[in-house]
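None of the figures in this text is laboratory data; all of them are computed from the coordinates on show. What you see is a predicted model; the values in this text were computed from it and never measured. Note that each Cβ is placed from the backbone with ideal geometry, even for glycine, and that neighbours are counted across all protein chains shown.
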Amino acid sequence: MAVSGGCNHDWEAYDPRLDGSGGSSGGMTGAGGAGGRPDPGAKCVPNTFAPCYSGPLDTENVGPCRPGVRRCLDNGTYSETCDGEIIPAEETCGGADEDCDGKADEECLCTPGTVVSCYDGPPKTENIGICKPGIRICDELGNLEAECVTQITPKLEDCSTLEDDDCNGSVNDACPLWGAAFGGPGDQTPWGVAADSAGNVIIAGELKGSAGFGGQEMTSAGGGDVLVVKLSPSGEVLWSRKYGDGQDQSARAVAVDGGGNVLVAGVFQGTLKFGETWDAKHASLGGDDVFVVKLSAAGEHVWSRSFGGSGAQIARSIAVEPSGNAVVAGEFDGSMDLDGVVMITSSGMRDAFVLKLFSDGFPNWAKRFGGPGDDACLGVATGPAGSIHVAGYFSETIHFGGEPHTGAGGTEAFVAKLSGSGAYLWSKGTALASNQRATAIAVNEQGDAAVLGVFQDVMAFGGVPMVGNGSDDLFVTKLDSSGNVLWGAPFGGFADEEAGAVAMRSNGEVYFSAMVEGAADFGGGLILSAGNDDVVAVKLSPDGDHLWSRRFGNFADQDARGLSLLPSGNSILAGDFAGKINFGGGGMAMTSAGSDDIFLAKLDGAGGHIWSKRFGDSSSQSPAALGVDKSTGGVVIAGIYDGAIDFGGGNLPAPMSSYTLFVTSFDANGAHKWSTTFQQDSFVEPMSLTVAGDGSVYVGGTFSGALGVGSSNILSNDADDIFIAKVDASGAPLWAKSFGNDKVQGVTGMAADADGGIVIVGYFSGTIDFGGGPVVPASTCDPGDFCHDAYLVKLAADGSHVYSRGLGGMSNDFAEDIAFDPNGELLMSGTYSYEIDFGLGQPFTGEYSDIFLAKLK
């Protein structure tokens, strides 16, 4: 089931999570009780709630004493009873502070010198793990001492020990398998995180300035750029992408479909280009517009869509169905044009929207929800039978199809369920006299929903109301598939807490992330921040009981942005941080490179760092191609570098220019094996890499000028030429070939055959000779208009020519990739425009930029 991330953002549009002021606290009139709370009989809006407390003011939230709630009756006045409150009582001498004065058993008489057992930790933790009871001694006046000495109560899990420090029955639960940090001088923000079925991790967010991702340095074009990064289950960067121009663009949410494709939703201004084809280029209609892009598992553009109108449109969350259809939720004002399929218009200020797209990106349907005030969908998740759950907030009224929901003066929370066709199934809304916002939602295979949000004073979708501490507190509510409230749990302290993301497993366990400043209790005892906002990850049982909670932070601010669950039982936590942060009790401390950097932490019940690496200096390093040695599990990467870089065998030779090619090999555990460099006096771009069965490595790409391979050079013609180079299993150069003319050509895919030879595909313009005579393009358009033909070339293991062919038609054709099937036959894919001839005597015909797949002997 798809899981949404949180709603956090710093976009110019209104952000309810960051707005601590909320709205009016209306809904209460008449005489005020203690602390400004309403007295019985005061006027109110029927069926709303307000906090109440009848005990002495200095005892509220001391010891077991807690406020309750007063219900507004049908006659519009508050009830006499304060439901759920706990007020001071006489001490029973059982070790608890029943009179709520901050001291336990201080008036109990005892025999001087006697000793009684005591324990101040949470229930069910005594004699679990490190937790042990202590003793209280009766003094000479017959009073038990207030302090329970020698007791050991729960503390945060210390991942450097093998002790159950939080006394929940598990050792080192939620300790990181690995942690990773990415950043540079500017601010980097991961707004969403998702995981595929193989355990790979994808983060999506915003890049400002420069940042390094696994050795690849990326720099934003001016404002914020869209950022997407994919990492392996062990935390190694597989690929990274950025998109943007000089204005502001940001990815806000990410999801992964069953095929490993990555779907990203966000907001942009100006122009946004995901590729070179016409359908990959988008321009906003003036203000903030929504984009949705689908990338392949390898990070290549599949399709993209943009939607805008007269006002501002912001995508907050995205979810994907098993069929590959995507659902996007957010907010907009004015009008929003959905590819001409439907036009929706807000009814007042900002309204919520839900948009469903087919798997090819075309709109299926869209819904608008809202009234005259500000309304927004902040989370979306898909459930069984194609159902869609959304969560967010509304200001005055909102109508999903059943009875309308009307607020009581502040910001109200909602959760609603729609069918796969957008029809109304059920909805829940608060009507309270304070501020509530549902910020994220998750749905499991049974159709249960877990909702995360923030509230002030009182919170309820139904059932027993939750009471907060007066500031912004957190709530988690679990509902069944029919919308019935199963349980609700409040969390917080006396400072403001901020919600991150929520996720739920099929067994009903709930995970959520948050930010806490000061002290807060999530069920396992007080958690204290190290300074400003710290990140907290929490796991609850299917019934809402605390299982574990972990805090990460330092004196600076840390933000929780995304949370995703892995099939293995592990979880991925994403956010941003400044300063130094430690996820694992030694050896895993990470320091930001400037201001806010991205962090990723993989949490596991067994705990332990596997491995992670960082390479480079303040100059630019960029990996461009990756291959795997299937016989050993080793990894080979190729890229370019500028400045000093050490992959584990010492600094590579100083580059002759700013474009120096490297090829580096690591074993299956990440240890460096060898590195080779190809010096270049002008330009080089590695584009593809593959490892042969004997461990030798082929790398291909384009270059200009002279490229040094071992003791010899290859020379280009006037434009970018193709190069193919081979090194042996120890990295020693064997040979290099160049092919070109005065036009543009490139390498897009390579595959090694069983005999150690290499098959290469790519694109070319003009006549080119790969060693077997001229290959003439079939295209008739101008190469200056990005007009190319595809080629297919095979070289023997020693680099000699075996065959070469041009493939194309009258317009633009590209071979994109190639692979061998188990029978040794070739599979080739690419794009063509209008027609392409594979030598069958009858060309294939189509439209502009259609896909082809061919199988060759």
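In a shell of Cβ-Cβ distance under 15 Å around residue 480, excluding residue 480 itself, what net charge do Lys and Arg (+1) and Asp and Glu (-1) give? Taking every Cβ under 15 Å from that of residue 480, the sum is 0.
If R0 is taken as 25 Å, the Cβ-Cβ distance between residue 80 and residue 57 corresponds to a FRET efficiency of 0.80. The phi-based Karplus calculation (6.51 cos²θ - 1.76 cosθ + 1.60; θ = phi - 60°) puts the 3J(HN,Hα) values of segment 287-301 at x, 7, 10, 8, 10, 9, 10, 10, 10, 5, 4, 8, x, 8, 5 Hz, whole numbers, x for Gly and Pro. The fewest-to-most ranking of 825, 498 by surrounding Cβ atoms within 10 Å reads 825, 498. Approximating the spin labels as points 7 Å out from Cα along Cα→Cβ, the residue 712-to-residue 132 distance works out to 7.6 nm. Annotation for residue 672 and residue 742: the two label points, set 7 Å from Cα along the Cα-Cβ direction, are 4.4 nm apart. For segment 259-265, 3J(HN,Hα) computed residue by residue from phi via the Karplus equation (6.51, -1.76, 1.60; θ = phi - 60°) reads x, x, 5, 10, 10, 10, 10 Hz, glycine and proline entered as x.
Straight-line cross-link partners of residue 428 among the lysines, defined as a Cα under 23 Å from its Cα and at least 8 positions apart when in the same chain: 356, 367, 417, 478.
With r defined as the distance between the Cβ atoms of residue 632 and residue 281 and R0 fixed at 35 Å, what FRET efficiency is calculated, to the nearest 0.05? Taking R0 as 35 Å, the efficiency between residue 632 and residue 281 is 0.25. Couplings 3J(HN,Hα) for segment 362-374, derived from phi with the Karplus relation 6.51 cos²θ - 1.76 cosθ + 1.60 (θ = phi - 60°), are 7, x, 9, 7, 9, 10, 10, 9, x, x, x, x, 7 Hz, where x marks Gly and Pro. When a/c is below 1.5 the answer is rounded, else prolate if a/b is larger than b/c, else oblate, so apply that to segment 394-530 with a ≥ b ≥ c taken from the square roots of the Cα gyration tensor eigenvalues. Oblate shape, in that a/c is at least 1.5 and b/c is the bigger or equal ratio. Ranked by the mean number of other Cβ atoms within 10 Å of their residues, highest first, the peptides 537-547, 704-714, 221-231 fall in the order 221-231, 537-547, 704-714. The length gained by stretching the chain between residue 730 and residue 362 to full extension, at 0.36 nm per residue less their Cα-Cα distance, is 127.5 nm.
Rg/Rh for segment 491-570 (Cα atoms only, Rh after Kirkwood) is 0.97. Let me know the shape class of segment 243-348, please: from the alpha-carbon gyration tensor, a ≥ b ≥ c as square roots of the eigenvalues, rounded when a/c is under 1.5, otherwise prolate if a/b is greater than b/c, or oblate. Cα axes put segment 243-348 in the oblate bin.
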